[in-house]
Each structure stands twice: as structure tokens, then as C-alpha cells.
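Novice: To start, I am sharing the structure in question, which I have written as C-alpha cells.
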Amino acid sequence: MTDTPAPFRWGILGVARINRALVGPLASNGHQLLAIASRSLARARTYADAQGIPRAYGSYEDLLADPDIDAVYIPLPHSMHVEWAEKAAEAKKHVLVEKPISLDGAGVRTLQSAARTHDVVITEAFMYRHHPLVAKVRELAHDGTIGRLQGVRGTFSFVLDRPADTRLDPEFGGGSLWDVGCYPVSFARTVVGQRPVAVQAAANWSPGKIDLSFFGQIQFPDDIVAHVHSSFESPFKTEMEVIGSEGRLLIKRPFKPETVETIEVMTPTETYLVTVEGPALYQGEVDDVRESARSGRAPLVTLDDSLDNVDTLTALLKAARTGNTVELP
């Protein structure tokens, strides 16, 4: 008879809306959601009682000081990700931090150093990456099914109509590219499998100087190009298209795939669906942190991968602000 592994115990820093999607995965499949912290103890206790979380803390520091917690999930505003991921690493906690992991490359390099120094896992919460759909799209893009890979097109848009939302505030790293545009950029990079070499972009800016809508072009080696669009002004849409010399792939739910998902393959002679089965959304990223922490293997979304994504995003924003082509080193 084999012993059942001890639960992998989690804490959450903050009572963000996205927590609703993570509470279940953090408390299932061998995980235990042990604690939540807020800057208000009363607010943390109210949230903990509503969600059945045993412990509530009135500061993030108090949660990080809890010796029973193995890992933390960080859904704080974008500008706070690096600070609290680094503090969690210093407290010897493994870290799952919401995207974007940082607003510049320097922040990612800080976390790379923290992960090495304190021997912990730090990984960015791109939940879609953990569905086999992504690996299958990449396989079909490169195995000749659609000929030579020529380009990728992607969009993620929705109407953000809450004026006080931090995603509209430049102080918190607001803007559609950081919030949802990071998804098609990440997906395109993952499919192509190479670091971009240059970008061009344009945006519609708010009076507060965050991008409400963003249009970007990413140039890769081998004459491969990606077009990405994100918006807080357009109706909800998510889609990725992979374009080849002899066909294309269409993925209608690329960033929030169902447990059973499909890829539409279109060639000059036929159109058909490829079906891919995967875990429930968000469960894969949570399991990946635990397995990486216990085995010592790298997480699926490495900090090197995150650094390339952040470098691409910052280059796109610079290109949109200046009107110039921006090369990536």
C-alpha cells in the first residue's frame, strides 16, 4: 500500500474577482486552499467564511509568514506582481502569479534571481497553456498539415465598462495589451516557437494614457508574421488563426478552452475538425506548480518564456507610442 501524498497547501494574496475561477482548483485534486489575505482582516474573514477557507489574514505579510503554506496565488493588480512574488519567494513559498507577471523585463529578471536564490517555483498563470490544445495546434502548424507556416492572427476583446477598474489606471499597469493582448501575443509566440525580431503597432489611447484598443504586428525569423488585436472597447471575441502556405487552422476558444476542444483545419481540398481533450480550465496550472515544486522540474511556463513575452509586449507598446519599428535584442 502506498501512502497518499500530503495536500499541497495554498494561500491567496488578495480577494480579486479572478479568485472565483481558482478557488475550486486550489482545493481539489490533492490541493488544499488554506488561507486568504486582504489589507482588511474583516474583508479577508468575510471572504474566507463565504468560500470555506480556514484561515484569514489582514495583511499579505502575515499570510507569507504562515509556515503551513506551500505556495501562494497572486491575483493582485499588475503593478504589484513582482513585489509580492519576490516577497513570497523570500518566504520560501512557491508562486503562481497572474499575467502579466511583470510590466518590464527587469521585473522578470528579479524573479528569476529570487527563484534561484530561494529554490522555489515561480510561474505565470497562463492557464490556456496547460491544455493539450496548444501543443496540438503547434504540431499541426509545423508538421506540413497547412504547408509552410506563414503567420498567426489573434484577438482578445471585451467591453470594460467599470470606470474604477484598475485595468484602466496607468498606475496599476492598465491597458488592453497588458490585460488581454498578452494572450494572443503569448499564443503566437508559442506556436511559432521563436523569439520575435521586431514589432510595429498602433493604439487608441485613453485620456489617462492607457491603450483602450491595440493593433500590433510581430515579425519572427523565417518571414513569419503575427497580427494581434486587443480591446476594452470592442464586443467580446477570442480567436486564433494559424496561416500556412497550403491551409489554415482556426481556434475559436484559444484562451479558455473547454475540456473537449476543437481545431478547425482548412485546406484547398477539405475542411475538418481535430478534437483535443484536456483538464478543466485552471486545474492544469495549479497541478503544474505542485508537480514542479515536488519533482524539481521546470514549470510549463518558465520565467525565460515569460521574459520573452514581456519583452515583446513592452516593445509593442513602445512601437505604438513612437510610431517606429522596434527591434528586439
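Novice: Go through Gly14, Gly24, Gly30 for me and flag whichever is in contact with a Pro (Cβ under 8 Å, 6 or more places away or on another chain), of a type outside the set (Lys, Arg) and under 20 Å from Phe126 (Cβ atoms). Please lay out each step first, then the result.
Specialist: Values: Gly24 fails: in contact with a Pro (Cβ under 8 Å, 6 or more places away or on another chain); Gly30 fails: under 20 Å from Phe126 (Cβ atoms).
From the options Gly14, Gly24, Gly30, the qualifying one is Gly14.
Novice: While we're looking at this one, here's another question. Would you check if Asp223 is of a type in the set (Asp, Glu) and either open to solvent by less than 10 Å² (accessible area, probe 1.4 Å) or touching a Cys at 6+ places or on another chain (Cβ under 7 Å) (or both)?
Specialist: Answer is no for this residue.
Novice: In the stretch 250-266, is there at least one residue being over 20 Å from Phe187 (Cβ atoms) and not in a helix (DSSP H, G or I)?
Specialist: So far as the stretch 250-266 goes, no, none of its residues is over 20 Å from Phe187 (Cβ atoms) and not in a helix (DSSP H, G or I).
Novice: Here is a further query. State whether the residues of the stretch 180-199 include one that is over 20 Å from the mean Cα position of the chain (by Cα) and of a type in the set (S, T, N, Q).
Specialist: Start the filter on the stretch 180-199 by keeping residues that are over 20 Å from the mean Cα position of the chain (by Cα), which leaves 197-199.
If we keep only those that are of a type in the set (S, T, N, Q) as well, we get none.
No; the residues of the stretch 180-199 include none that is over 20 Å from the mean Cα position of the chain (by Cα) and of a type in the set (S, T, N, Q).
Novice: Further question: Residues in the stretch 149-187 that are within 22 Å of Val310 (Cβ to Cβ), polar (S, T, N, Q) and either in contact (Cβ under 8 Å) with a residue 60 or more places away in the chain or part of a loop (DSSP other than H, G, I, E, B) (or both): how many?
Specialist: Final tally of qualifying residues: 4.
Novice: Being in contact with a strand residue (DSSP E or B) (Cβ under 8 Å, 6 or more places away or on another chain), of a type outside the set (Val, Ile, Thr) and on the phi < 0 side of the Ramachandran plot, is that true of even one residue in the stretch 160-176?
Specialist: Yes, the stretch 160-176 contains a residue that is in contact with a strand residue (DSSP E or B) (Cβ under 8 Å, 6 or more places away or on another chain), of a type outside the set (Val, Ile, Thr) and on the phi < 0 side of the Ramachandran plot.
Novice: Consider only pairs whose beta carbons are under 6 Å apart and that are at least six residues apart or on different chains; among these, list those whose first residue lies in the stretch 220-232 and is under 30 Å from Asp169 (Cβ atoms) and whose second residue is at pLDDT 95 or above and open to solvent by 40 Å² or more (accessible area, probe 1.4 Å).
Specialist: Close Cβ pairs satisfying both conditions: His227/Arg153; His227/Gln217; His229/Phe215.
Novice: Which numbered condition trips up Ser176, out of (1) more than 17 Å from the chain's Cα centre (by Cα); (2) over 29 Å from Leu273 (Cα atoms)?
Specialist: Among (1) more than 17 Å from the chain's Cα centre (by Cα); (2) over 29 Å from Leu273 (Cα atoms), Ser176 violates only (1).
Novice: Considering only the stretch 260-297, state which residues are of a type in the set (S, T, N, Q), free of Cβ contacts under 8 Å to residues at least 60 places away in the same chain and under 19 Å from Gly30 (Cβ atoms).
Specialist: The answer is Ser295, and nothing else.
Novice: Of all residues in the stretch 114-131, which are within 27 Å of Met240 (Cα to Cα) and polar (S, T, N, Q)?
Specialist: Result: Thr123, single match.
The rows are residues; the columns are (1) open to solvent by 30 Å² or more (accessible area, probe 1.4 Å); (2) out of contact with any Ser or Thr (no Cβ under 9 Å at 6 or more places or on another chain).
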| residue | (1), (2) |
| --- | --- |
| Trp10 | no, yes |
| Arg20 | yes, yes |
| Gly24 | yes, yes |
| Ile53 | no, yes |
| Val72 | no, yes |
| Trp84 | no, yes |
| Lys92 | yes, yes |
| Ile101 | no, no |
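Novice: Let me ask something else about it. Can you say whether Ile224 is under 19 Å from Leu149 (Cβ atoms) and either of a type in the set (A, V, I, L, M) or at pLDDT 95 or above (or both), as far as the supplied structure shows?
Specialist: So Ile224 passes the test.
Novice: Okay, next question. Just checking, which of Ile251, Ile218 is crowded, with 21+ Cβ neighbours inside 10 Å, closer than 20 Å to Ser157 by Cβ and either out of contact with any Asp or Glu (no Cβ under 9 Å at 6 or more places or on another chain) or at pLDDT below 95 (or both)?
Specialist: Every option except Ile218 fails the conditions.
Novice: Turning to a different aspect of this structure: With the checklist (1) surrounded by 21 or more Cβ atoms within 10 Å (Cβ to Cβ); (2) in contact with a helix residue (DSSP H, G or I) (Cβ under 9 Å, 6 or more places away or on another chain); (3) of a type in the set (Gly, Ala, Ser) in hand, flag the one item Ala280 doesn't pass.
Specialist: (1)
The values are calculated or read from the model by the stated rules, or taken from the named source; none is laboratory data. No experiment lies behind these values; they were computed from the predicted model shown. No Cβ is skipped: glycine too gets one built from the backbone with ideal geometry, and neighbour counts run over all protein chains shown. Heavy atoms of the whole protein, side chains included, go into the accessibility calculation; ligands, DNA and RNA do not. Shrake-Rupley method; radii C 1.70, N 1.55, O 1.52, S 1.80 Å.
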